[in-house]
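K.L.:
The structure follows.
The values are calculated or read from the model by the stated rules, or taken from the named source; none is laboratory data. Just so we're clear, the structure is a prediction, and the values are computed from it rather than from any experiment. No Cβ is skipped: glycine too gets one built from the backbone with ideal geometry, and neighbour counts run over all protein chains shown. The area values use the complete protein model at the heavy-atom level, side chains included, leaving out ligands, DNA and RNA. Shrake-Rupley method; radii C 1.70, N 1.55, O 1.52, S 1.80 Å.
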Amino acid sequence: MMIENLTIGKIHEGLLHKDFSARELAQEYLGRIKKYNPALNAFLTITEKEALASAQEVDNQIAQGLPLKSLTGVPAAVKDVIITKGIRTTASAKILEHYTPPYDATVIEKLQEEGYVLLGKTNCDEFAMGASNENSAFGSVKNPWDATRVPGGSSGGSAVAVAAGLAPYALGSDTGGSIRQPASLCGLVGLHCTYGSISRYGLIAMASSLDQIGVFSRTVEEAETVFNVIQGNDPRDATSIGSPPNKGETRPLAERGCKGLKIGIPVEYVGKNWDAEGIEEGVKICVREAIEELEGLGAVVTMIPLPHAPLALSTYYILVPSEVSSNLARYDGMRYGGVNGADTSASFRDTGKRDVPRQSALIEWYENMRTRGLGPESKRRIMIGTYALSAGYYDAYYKKAQQMRTLIRDDFNQAFKEVDLIACPTSPTVAFKIGEKANDPLAMYLADIFTVAVNVAGLPAISLPCGFAPAPDDPQSNLPIGLQLIAPPFSESRLFHAGKAFQQTTDHHLKTPLSMSVL
Ligand code: GLN
């Protein structure tokens, strides 16, 4: 069975026509995971037993002639920040190394109702903070297009699982680009949804006012299928609204793809003549060609202003650390698989004293646990955030960032009065070398330059594979590039229409990594 290019639709048909059983399919994927994961490090936990049991259940259903839903029997990988009952969930953090959640995230419950097959939990940057996956406490993830390069982050493991054909689709989370940027660097579709469209219940919180769960897949159609299953209002997440198909549409787009679609390109991002600094030449070429392709399909393209867009990155890097400093305060090394967890052998907890501390030693205990259990990026953001929220600095930093957030959102509202979609590169670069930016946080933050404004404004966006180009440091390389399309709130359907039309006339998404054969 050639499973690398199987789509969700083909799997559904294959199961219906009994070309293969759900169990055979799960076994194929598990076989590939076992073969390639030691080199790629995409999965932190492989749920073989659970996968085979769910697949068997699906086969029993098929044998009884019961109807199959769109994701029944379809295997999936899930980022390790989405909690799964009885299955270790670490957020790639040492302090959660032994955390086994007692309940499922809402998105997991929804997938279970479909009869999905969980293959495993994927590696990511610690607590989803990073753009390269190098911040994982459990080792970096390799890009299957070139194993010396990063897959992007923070959802790098989910991206690599799909890119390497270890899963047909994967869930990730996106707070500032963590789905779109790795999708771009790995040659995949990456769907980030409107804030509030998908429940965050059971998503380990990084920055709660920006976090959203989303999807990696090869085709837009598949991302849409998964979105339709996992979106929806959830009383357990007070910020969830749900996003029924076409909810945000004010004008009918029906099935007309790109015809008459107005697309704006932010001049602040790419420069009046596509002469902005900091974007690699190869990225500019491919993204411009992709936009011309959309024009060829009937779209009308103009340059538009987003005056405050250049300030989105600094706004984001005040808001996010502030929320992180608060959200990560709950990790004390006792709860969530800490001293009361089943296994007390974790090296970070190896203090010699394994009892719950007496009050007098409590501060020392917290210091010890958090010093050992949290990585450098978590600590950096906790310190920046605590500073930004502290009396005396709050007005100068956090409050200003919140005011800027309103201006950024207003810019997008204004722009969407003129255009239907906004287009720009997803990432200013192709995949960079492992280690290249690891010790330079500012260089790493710049990887998010085109993605963060979307989260700050709560908008949906998609990254589409739009070509390949060499990295500036290696003319022989040939690495994937992504086109980002941004839509008004709750207009995911607009992204799907344009994305499907684009994929019908292009073949970038059909290419698979060549270096897989030499791994
Ligand atoms: N790279 C961004 C950051 O480090 C985005 C992370 C994310 O979306 N989870 O904050």
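K.L.:
Do you know which residues across segment 4-15 are out of contact with any Lys or Arg (no Cβ under 7 Å at 6 or more places or on another chain), crowded, with 17+ Cβ neighbours inside 10 Å and either in a loop (DSSP other than H, G, I, E, B) or touching a residue at least 24 places away in the same chain (Cβ under 8 Å) (or both)? Before the answer, list the steps.
P.N.:
So the first thing to find is which residues in segment 4-15 are out of contact with any Lys or Arg (no Cβ under 7 Å at 6 or more places or on another chain), and the list is 4-6, 8-15.
Checking the rest, the ones that are also crowded, with 17+ Cβ neighbours inside 10 Å come to 6, 8, 11-12, 14-15.
Passing the criteria: L6, I8, I11, H12, L15.
K.L.:
Further, regarding this structure: Which count do you get for residues in segment 55-95 that are in contact (Cβ under 8 Å) with a residue 40 or more places away in the chain and over 20 Å from the mean Cα position of the chain (by Cα)?
P.N.:
Residues in segment 55-95 being in contact (Cβ under 8 Å) with a residue 40 or more places away in the chain and over 20 Å from the mean Cα position of the chain (by Cα): 13 in total.
K.L.:
Considering only segment 127-142, state which residues are more than 10 Å from the ligand (Cβ to nearest atom) and either surrounded by fewer than 24 Cβ atoms within 10 Å (Cβ to Cβ) or farther than 11 Å from N41 by Cα (or both).
P.N.:
E134, A137, F138, G139, S140
K.L.:
Being open to solvent by 60 Å² or more (accessible area, probe 1.4 Å) and farther than 30 Å from T148 by Cβ is the filter here, so list the residues in segment 22-61 that pass it.
P.N.:
Selection gives R23, E24, Q27, K49, E50, Q56, E57, N60.
K.L.:
A follow-up question, please. Among the residues of segment 179-201, write down those that are open to solvent by 10 Å² or more (accessible area, probe 1.4 Å) and either assigned to a strand (DSSP E or B) or out of contact with any Lys or Arg (no Cβ under 8 Å at 6 or more places or on another chain) (or both). Step through it out loud before you land on a result.
P.N.:
Step one: list which residues in segment 179-201 are open to solvent by 10 Å² or more (accessible area, probe 1.4 Å), which gives 195, 200-201.
Answer for segment 179-201, where residues must be open to solvent by 10 Å² or more (accessible area, probe 1.4 Å) and either assigned to a strand (DSSP E or B) or out of contact with any Lys or Arg (no Cβ under 8 Å at 6 or more places or on another chain) (or both): Y195, R200.
K.L.:
Let me ask something else about it. Which condition does T175 not pass, out of (1) surrounded by 24 or more Cβ atoms within 10 Å (Cβ to Cβ); (2) over 24 Å from A457 (Cβ atoms), if it passes all the others?
P.N.:
Among (1) surrounded by 24 or more Cβ atoms within 10 Å (Cβ to Cβ); (2) over 24 Å from A457 (Cβ atoms), T175 violates only (2).
K.L.:
Another question about this same structure. State all residues of segment 374-398 that are more than 25 Å from the chain's Cα centre (by Cα) and surrounded by 14 or more Cβ atoms within 10 Å (Cβ to Cβ); if no residue qualifies, say none.
P.N.:
T386, Y387, A388, L389, Y394, Y397, Y398
K.L.:
Mind telling me which of the residues I3, I46 ends up being modelled with pLDDT of 95 or more and within 26 Å of the chain's Cα centre (by Cα)? Walk me through how you get there before you give the answer.
P.N.:
On the way: I3 fails: modelled with pLDDT of 95 or more.
Just a single option satisfies the conditions, and that option is I46.
K.L.:
Residue under question is Y195, and the condition is that it be touching a residue at least 24 places away in the same chain (Cβ under 8 Å), under 21 Å from T315 (Cβ atoms) and away from the ligand (no atom under 12 Å from the Cβ); does it hold?
P.N.:
yes
K.L.:
Only one of these conditions is not met by T72: (1) farther than 30 Å from T175 by Cα; (2) buried (at least 22 other Cβ atoms within 10 Å of the Cβ). Which number is it?
P.N.:
Status for T72: all satisfied but (1).
K.L.:
Also: Would you mind stating whether K121 is in contact (Cβ under 8 Å) with a residue 60 or more places away in the chain, touching a helix residue (DSSP H, G or I) at 6+ places or on another chain (Cβ under 7 Å) and of a type outside the set (D, E)?
P.N.:
Against the criterion (in contact (Cβ under 8 Å) with a residue 60 or more places away in the chain, touching a helix residue (DSSP H, G or I) at 6+ places or on another chain (Cβ under 7 Å) and of a type outside the set (D, E)), K121 does not qualify.
K.L.:
Okay, moving on. Between D80, D19, which is crowded, with 19+ Cβ neighbours inside 10 Å and of a type in the set (D, E, K, R)?
P.N.:
Of D80, D19, the one residue that is crowded, with 19+ Cβ neighbours inside 10 Å and of a type in the set (D, E, K, R) is D80.
K.L.:
Still on this structure, I have one more. Give the residue that is farthest from T429 (Cα to Cα), with candidates limited to residues of segment 277-291 that are of a type in the set (A, V, I, L, M) and open to solvent by less than 20 Å² (accessible area, probe 1.4 Å).
P.N.:
I291
K.L.:
I would also like to ask the following. Which residues, taken from segment 144-183, are more than 16 Å from the ligand (Cβ to nearest atom) and of a type in the set (D, E, K, R)?
P.N.:
Matches in segment 144-183: D146, R149.
K.L.:
A follow-up question, please. Condition first: over 24 Å from G176 (Cβ atoms) and in a helix (DSSP H, G or I). Now tell me which residues in segment 223-235 satisfy that.
P.N.:
T225, N228, V229
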